[in-house]
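The values are calculated or read from the model by the stated rules, or taken from the named source; none is laboratory data. Here the structure is a predicted model, which is why all the values come from computation and not from measurement. Here the Cβ positions follow ideal geometry from the backbone for every residue, glycine too, while neighbour counts run over all protein chains shown. Keep in mind that these areas ignore ligands, DNA and RNA; they rest on the heavy atoms of the full protein, side chains included. Shrake-Rupley method; radii C 1.70, N 1.55, O 1.52, S 1.80 Å.
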Amino acid sequence: MYKNKSTYILLTISLFVVQAINAQISNQGRLYYFGQTTLNNQSKLSIASGWHTQPKDLWNRLEFRTTYFHRMNHWFRIGLGQRSNFAIQEGSLLHYELRPFQSLLFDHNLSTNTLLTHRFMFEQRIFFNPNIDNEFNTRLRYRIELKQSLPTPNRLYLRPMSEFFYGKNDVTKELLQWKNTLAIGHTLSPTMIIEYRYEYVIVKNNNSPNHFNGFRIQLIQYF
């Protein structure tokens, strides 16, 4: 267990270094921080910031996310939120994307330590491009994930996920994306969790598939 603030600061710096190294040996790298607080017995608020890099294209993105979750019963939740993405290339703003979204989450407790979740999400994507007409499109997403807690002192867990994306716009006509993720997380303190992910993505754009892979590290803090 980490018990003081200096350890957390050193850990955060280490995460940035590790993520930068990971990004150089893969197509993309991501680093996220999530702050979550419980509003009442049914509601939770999550505020996040993130950094996404694709070093081969000299492309970076800063993301700010806010999500409100409300639990309807023990197996059904809804989520409402937005993502603000700033895409930057060589110091210049490529575009700004505002992404409101709505989600339905279905939880199934397969056992005491095993949770299966289905998530259905609908996104509205609004792109603001400098000197170019703004764009708007929508996207549907479906994700299935399995969280398996392990009997370890630091509450280690495994979380494999598979997510399918579908969307259309005037440029691509059709965009299909399939992302598979293997996540490993563990508890750093009673209020903080760290999670390491490996992601493999297939993007089919006008029948031309592209493959991406990379690492993601995220720190989750509960208030």
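Here the Karplus curve 6.51 cos²θ - 1.76 cosθ + 1.60, taken at θ = phi - 60°, turns the phi angles of the range 34-47 into couplings of 10, x, 10, 9, 8, 8, 7, 5, 10, 10, 9, 10, 10, 10 Hz, with x standing for Gly and Pro. Given R0 = 25 Å, the distance between the Cβ atoms of Leu150 and His108 translates into a calculated FRET efficiency of 0.85.
For the range 78-171, what does the alpha-carbon gyration tensor say about shape, rounded, prolate or oblate, given a ≥ b ≥ c as the root eigenvalues, a/c under 1.5 as rounded, and a/b over b/c as prolate? Prolate shape, in that a/c is at least 1.5 and a/b is the bigger ratio. With both labels modelled 7 Å from their Cα along Cα-to-Cβ, the Tyr200 to Ile184 distance reads 1.7 nm.
Taking a straight Cα-Cα cut-off under 18 Å and skipping sequence neighbours fewer than 8 places away in the same chain, the aspartates and glutamates within cross-link reach of Lys168 are Glu97, Glu123, Asp133, Glu135. As a fraction of the 1.4 Å probe accessible area of the range 87-223, surface on carbon and sulfur atoms comes out at 61 percent. With a bin width of 10 angstrom, please list the P(r) values of the range 62-117 as percents of all Cα-Cα pairs, from the 0 bin to the one holding the largest distance. In whole percents, the pair-distance histogram is 20, 32, 24, 16, 7.
Put a dot 7 Å past the Cα of Ser46, heading toward its Cβ, do the same for Arg71, and the two dots end up 1.4 nm apart. Please work out the FRET efficiency for the pair Tyr142 and Gln89, using the Cβ-Cβ distance as r and a Förster radius of 25 Å; give the result to the nearest 0.05. The calculated FRET efficiency here is 0.20. Accessible area per residue for the range 88-128 is 53 Å², calculated with a 1.4 Å probe on protein heavy atoms, without ligands, DNA or RNA.
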